[in-house]
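Values in this text are rule-based calculations from the coordinates and carry no lab data. All values derive from a computational prediction rather than experimental measurement. FYI the Cβ positions are ideal-geometry reconstructions off the backbone, even for glycines, and counts take in every protein chain you see.
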């Protein structure tokens, strides 16, 4: 009997470059890649489980630690796809018959295999050793299998993209940034996903309708996650955006939530009971609004400065500038008010004392919300710092309610950084470590700002407080297993080294 419980049929309606290739060749390539994955897996020393156990462990870790910040996958589909990774006997050759409602077509099988192996590569590369006891080199094995499988049907995938086309590339991006600490390959994979999303016009509500309800939901949330990542990088000034309202025909008309009738979480698992999924999405979209609001504000502060420089002073120009300044002040106040929208289950993840909820379920869900809380709050503090810096750079400190005195904005920076450090120190460390290079990048950026204060401030009190906070950040950074931080000497480290971007946010 085959270990892959699906009926396979040949590819149909393919582009010319793929249609001319018999389905059996794709099937043979699938069997070859799977055989190589199994062989490399079994040859690895120090394994504490077989392929199926490791894959389910990766899904478990994703759902608890990463899904709260990147809810871009359907848990039952991931778990069903695990059976494609192993088997003592090769599955039967593809059938030319149309699949039934509970079967996969050949292209769906190839995509499911690439998706599950991409997830495993992503998770093993990002989670700390305390969560995953097997060798980290397993991530390379899974990534190679996923990349090889994607390459097999890539021509078709580019012509007929679906939600897996985006998710696979985002997980490849995460693998690249967490295994190298560099942005080159990571940006490439992320950019491919963004370009596909643009070409699919996922910014348009009318463009995501599919016969499969779950596919429509996956397209929606994958777009919003890419959008979130793009806005974060705009605020960080890491690179120009690919997904942006200004290059969409009528702006972004995609709704935050549609008619979500199919749950993403596996309802058969006790830990997923109650309102866990809906609560996760509330936090996710708050995180999206924080990045989008901050990026827009930072851009418009710079735009106002350029406009003021390009136009000679006049009474009319002065009145217009004052109006725009008042508008920016109002928008900044609305940005700071976003922290009031943090829901109670995220604000206090351990606060659920419902006696009807099993303790193991309560602990599991609390960890989910701790993972989400640290992501929301640390990015909020980072965005506060970036907005403040934009106001300093352009001489618009009135927007954030400060005077032109360097002491006033230096004090505000320390206040924000203290909030940042307090949130990190108050979070279970495993929830920070599970964010991988995304968490490291935020710590390094804040550290760069502290170093600049230490080097530039003449005020002894400012310097003393900055040294204390910098020491706390160094302690956190030293506990994070970061590829990007390898080789950095703590003593005399340059601020430019600290603030070099190391992530593209595809992984969270």
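Only DSSP H runs of four or more residues enter the estimate; each adds -39500 (n - 2.57), and after division by the residues of the chain the mean residue ellipticity at 222 nm equals -20500 deg cm²/dmol. As a length-normalised measure over Cα pairs under 8 Å and 6 or more apart, the relative contact order of region 173-323 settles at 20 percent. Exposure proxy shown here: for 25, 123, 214, 387, the number of other Cβ atoms within 10 Å sets the order, fewest to most, as 25, 214, 387, 123.
Peptides 288-296, 266-274 ranked from most to least packed, by the mean per-residue count of other Cβ atoms within 10 Å: 288-296, 266-274. Among 130, 438, sorting on how many other beta-carbon atoms sit within 10 Å of each Cβ, with the fewest leading, yields 130, 438. Working ranking of peptides 138-144, 33-39 by packing, defined as the average number of other Cβ atoms within 10 Å per residue, highest first, is 138-144, 33-39. Taking the inverse of the mean reciprocal distance over all distinct Cα pairs, the Kirkwood hydrodynamic radius of the chain comes to 24.4 Å. Across the chain, C-alpha contacts under 8 Å between residues 6 or more apart give a mean separation that, scaled by the residue count, equals a relative contact order of 18 percent.
This ranking places 359, 159 by how few other beta-carbon atoms lie within 10 Å of each, fewest first, which gives 359, 159. Look at the alpha carbon pairs under 8 Å that are at least 6 residues apart: their mean separation over the length of region 275-398 gives a relative contact order of 46 percent. Among 347-357, 442-452, 112-122, the peptide with the highest mean count of other Cβ atoms within 10 Å heads the list, and the full ranking is 112-122, 442-452, 347-357.
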